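Single-structure report; data block below.
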Amino acid sequence: MKILVCVKHVPEVTDAEVEIARDGRSIDTDDLAFDMGEWDACAVETAVRLKEEHGGEVTVLTAGDEEAEASLRKGLAMGADAAVRIAVEAPPADPALPARLIAAFARGRGFDLLLTGVMASDLGYGATGPALGGHLDLPHATMIVDLAVREGAAEAVRELEEGLKERIAFSLPAVLAVQTGLAEPRYVSVMGIRKARRIPVEVLEPEDLGTEVSERVRLVGLSPPPPGKDVEILEGTPGEIGARVVDLVREVRP
Amino acid sequence: MTRVLVLAEHRRRELREVTLEMIRAAEAFPGAESTVVVPGAAAAPLAEALAPFAARVLLLDHPLLDAYSPPEYAAALRQVVEREDPEVVLLPHSYRGMDLAGRLAAVLHRPFVTDAVGIRPGDGGLEIDRQVYGGRVHCRLVLPPGEPVVLSVRPTTFPAAEPRGSPGAVEAFRPEGLPEAPAVRFLEYVEEAAGEVDITQAEVIVAAGRGIGEEENLALVRELADALGGVLACSRPIVDRGWLPRSRQVGTSGRAVRPKVYVAVGISGAFQHVAGMAGAGRVIAINRDPNAPIFKVADYGVVGDLFRVVPAIVEAARSRGS
C-alpha cells in the first residue's frame, strides 16, 4: 500500500506565550518550539502501522520552509520511507493553497491513501483534507477515530458532536483527515531522528509541479484576542487562595 | 443586495440549531437575500419547518443526499450554485461543515475561509475575523472584492434567527447526474456507551486538562473533585491518552455541561472545550499561563502551579468540613 501523509511544522502554543511581531502580521517565533502538528503525528503513526500490517511505503510531505524539514525528519524517524518538501514560505494565509500544492504533487503518483491531521494548531482551518479530496476527485472523510483497511476498501468511524460517531465505508484511493486519539504517536529518540538524516528530503518548487504560489485570501493583520469576561485573578498565599476558592464554590452550591 | 446560499444541517431527521444561526449570520451581508438549501428527499418536512425563518427554502430533492457523502454533496451544491449564482455560500463550521467546506470551495474554484467568528462586508472585500494559535491570537483576513466566496462560521457566534413576518417559499430542485451509490457510504451511528457517572447532571464539575502532565496527577484532581463535592471531568487530551473514558469529556465531541460551578484545572481553553462548558454558572480556572484562553471565559482565575494550588484548595475544603 502506498501512503502519503501531509504534515505541517507548527509552533507548540499550548503552554507558550504567543507574541505578535512588530510587523503586526506574524508571530514572534524566537521563543517558540516547533514540531510536527499533533493531529499530523497521529496521521503518520496511522500510516506506519498500516505499512507494518499490509506492507507498502509511506511518504511524508510538507509545504513549508526549510525549517519544516525537521517535521519530515521526525516522520522518517517514525518509520516513513521518503520525504518531500514543497518549498513555500510558511504559513500561507490562504487555506486553499496547501491542498492545491499537495494535489499537484499527488496526482498520478498512485497513492492508495492520503492522510493528514484534521487541523493544525496554528491557523486551524481544517480544510486541507477535504480540499485535497475535491482537487483529486477522491472520496474523503475527516475526524477519523477508527480505521480498518482491507483490499481496496476501508471502513472508518468519524466523530460527530455530542459524543455521537458514525461508521462509514468507502473504496480506496481516499483522503482521510485523522483526529487525535486514532493512534498514539510512537516515541522517537534524538538518535532515531539523527539516523533518519541519511534519507534525503526531496525539495520541489511549486513550479516543478506545474503550479504556483498565489493566494486569494489575504492577511490584514494579527492582534491580541479581544477581552473576554472580566476575570478576577485571585492573589495571595496558596492557603488564602485555597480558602477563597472553597468560598466561591460553596456560595453557589452550599 | 447580496445573494447568500445557506446550507442547512440536519441529523436523524432533525434540524441542527446551527442552521438557524447561519440564517442569522447571513443577515450580516448588506441587503441579504438568503436561500436556505436543505439536502435530501427525506428532508422535505424540515424544509417546511424552515420556511418561517427564511425568505426562500430550496429542498435538494434527491434520495442520495439523505445521508452525507462529501463528493455527491459537493456535486449537488455545485449545480445549485450554477443555478442560483450566489455571492456567498454560507455553512456552519460544525463537524459536518468542516468536512465539506474545503471540498466545496475546491470544486467551485471559489476562495474560502473556515471557522469565521466575525464577518464585515466592505468595498475592499469581505473582512473575516478568526482565532488562530489556539485562540491566543486574533486574525483579520480579507477575501477578494467582487468574487463569490465560500464561508464557514463557528457555531454559537451568531444567535438563532427569529421567525419572520410571513413564511418563505419552499421550492424543490432535483440535482442531476448523481451516481447510484454514494462514494462515502453511511453505515450506522455509533453511540457512546453511557459512563458510570453522567457529568451533564453534575452541579459541581472539576475538570482536568493537558496541564496535569502525567496520568498519576489525575489523582490530585480527583481529590479536589471529592473535596468540593463535585464530579471529575476532563478535556480531550486526557481521553486521547486513555486516562479517562469519553463519557467524562467536556467539549464539542464530548458532553455539553451546565454545572453551577466549573473548576478547570490545567485546561488551556481551546474552543472545542469551551463550547461544552458554555452553560456553566461560575467558572474558576487554574492555569500557570496567564494568557491561556480559559481566562477569557472564567469568572475567577488562579495563575499558578496547579501542584501547589490544588492541594491548598483540598486542604481548605477539608479543614472547614463539608
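The values are calculated or read from the model by the stated rules, or taken from the named source; none is laboratory data. Since the model is a prediction, treat every value here as computed from it, not as a measurement. Using ideal geometry, Cβ is built from the backbone for each residue, glycine included, and neighbour counts are taken over all protein chains shown. Surface accessibility is based on the protein's heavy atoms, side chains included, excluding ligands, DNA and RNA. Shrake-Rupley method; radii C 1.70, N 1.55, O 1.52, S 1.80 Å.
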Q) Which ones in region A:199-247 are among the basic types (Lys, Arg), under 19 Å from residue A:92 (Cα atoms) and out of contact with any strand residue (DSSP E or B) (no Cβ under 7 Å at 6 or more places or on another chain)? A) A:216
Q: Could you look through region A:110-126, keep only residues that are in contact with an Asp or Glu (Cβ under 8 Å, 6 or more places away or on another chain) and outside any loop (DSSP other than H, G, I, E, B), and pick out the one that is farthest from the other protein chains (Cβ to nearest Cβ)?
A: A:117
(Q) Checking the condition among the small types (Gly, Ala, Ser), farther than 30 Å from residue B:289 by Cα and more than 14 Å from every other protein chain (Cβ to nearest Cβ), which residue from B:74, B:41, B:67 passes? (A) B:41
Q.
Please count how many residues of region B:252-279 are closer than 24 Å to residue B:305 by Cα, small (Gly, Ala, Ser) and within 19 Å of the chain's Cα centre (by Cα).
A. 3
Q. Limited to region A:203-254, what total is found for residues that are assigned to a strand (DSSP E or B), over 24 Å from the mean Cα position of the chain (by Cα) and of a type in the set (Lys, Arg)?
A. 0
Q: Give region A:7-52 a look and list any residue that's without any contact (Cβ under 8 Å) to a residue 60 or more places away in the chain, open to solvent by 60 Å² or more (accessible area, probe 1.4 Å), in contact with a strand residue (DSSP E or B) (Cβ under 9 Å, 6 or more places away or on another chain) and closer than 30 Å to residue A:174 by Cβ, or say none.
A: A:34
Q. Quick one: is residue A:69 within 22 Å of residue A:192 (Cβ to Cβ) and of a type in the set (Asp, Glu)?
A. yes
Q | region B:93-125, residues that are touching a strand residue (DSSP E or B) at 6+ places or on another chain (Cβ under 6 Å), on the phi < 0 side of the Ramachandran plot and either more than 7 Å from chain A (Cβ to nearest Cβ) or among the polar types (S, T, N, Q) (or both) | A | B:93, B:97, B:104, B:110, B:114, B:116, B:117, B:118, B:120
Q. Taking into account only those residues within region A:159-177 that are part of a loop (DSSP other than H, G, I, E, B) and more than 8 Å from chain B (Cβ to nearest Cβ), which is most open to solvent (accessible area, probe 1.4 Å)?
A. A:173
(Q) So residue A:92 passes all but one of these: (1) more than 11 Å from chain B (Cβ to nearest Cβ); (2) outside any loop (DSSP other than H, G, I, E, B). Which condition number does it fail? (A) (2)
Q: Look through region B:94-118, keep the residues that are open to solvent by 20 Å² or more (accessible area, probe 1.4 Å) and not in a helix (DSSP H, G or I), and return whichever of them is farthest from residue B:142 (Cα to Cα).
A: B:109
Q: Please list, ordered by first then second residue, the pairs with beta carbon atoms under 7 Å, 6 or more apart or interchain, first in region A:241-254 and surrounded by 15 or more Cβ atoms within 10 Å (Cβ to Cβ), second among the aromatic types (Phe, Trp, Tyr).
A: A:248/B:300
Q.
Name the single residue that is surrounded by the fewest Cβ atoms within 10 Å (Cβ to Cβ) among those in region B:157-201 being within 14 Å of chain A (Cβ to nearest Cβ) and assigned to a strand (DSSP E or B).
A. B:188
Q. So which of A:211, A:237 ends up being of a type in the set (S, T, N, Q), open to solvent by 20 Å² or more (accessible area, probe 1.4 Å) and farther than 23 Å from residue A:61 by Cβ?
A. A:237
Q.
Among the residues in region B:16-24, are any without any contact (Cβ under 8 Å) to a residue 40 or more places away in the chain and open to solvent by 30 Å² or more (accessible area, probe 1.4 Å)?
A. no
Q. Does residue B:293 satisfy being at the interface with another protein chain (Cβ under 8 Å from one of its Cβ atoms) and in contact with a helix residue (DSSP H, G or I) (Cβ under 6 Å, 6 or more places away or on another chain)?
A. no
**Q.** Members of region A:187-204 that are surrounded by 11 or more Cβ atoms within 10 Å (Cβ to Cβ) and either at pLDDT 95 or above or within 14 Å of another protein chain (Cβ to nearest Cβ) (or both)
**A.** A:201, A:202, A:203, A:204
Q: Kindly indicate whether residue A:13 is touching a Phe, Trp or Tyr at 6+ places or on another chain (Cβ under 6 Å), farther than 28 Å from residue A:76 by Cβ and facing chain B (nearest Cβ under 10 Å).
A: no
Q) Name the pairs whose Cβ atoms lie under 7 Å apart, with the first residue in region B:298-322 and at the interface with chain A (Cβ under 7 Å from one of its Cβ atoms), the second polar (S, T, N, Q), and 6 or more positions between them or separate chains? A) B:303/B:287
Q. Does residue B:268 fit the bill of being under 21 Å from residue B:190 (Cα atoms) and touching a residue at least 40 places away in the same chain (Cβ under 8 Å)?
A. no
Q. Taking region B:25-35 as the search range and keeping residues that are closer than 21 Å to residue B:74 by Cβ and in contact with a Lys or Arg (Cβ under 8 Å, 6 or more places away or on another chain), which one is surrounded by the fewest Cβ atoms within 10 Å (Cβ to Cβ)?
A. B:35
Q) Looking at (1) surrounded by 16 or more Cβ atoms within 10 Å (Cβ to Cβ); (2) in a loop (DSSP other than H, G, I, E, B); (3) in contact (Cβ under 8 Å) with a residue 60 or more places away in the chain, which is the only condition residue B:220 fails? A) (2)
Q) Quick one: would you say residue B:278 is touching a Gly at 6+ places or on another chain (Cβ under 8 Å), more than 11 Å from chain A (Cβ to nearest Cβ) and of a type outside the set (Phe, Trp, Tyr)? A) no
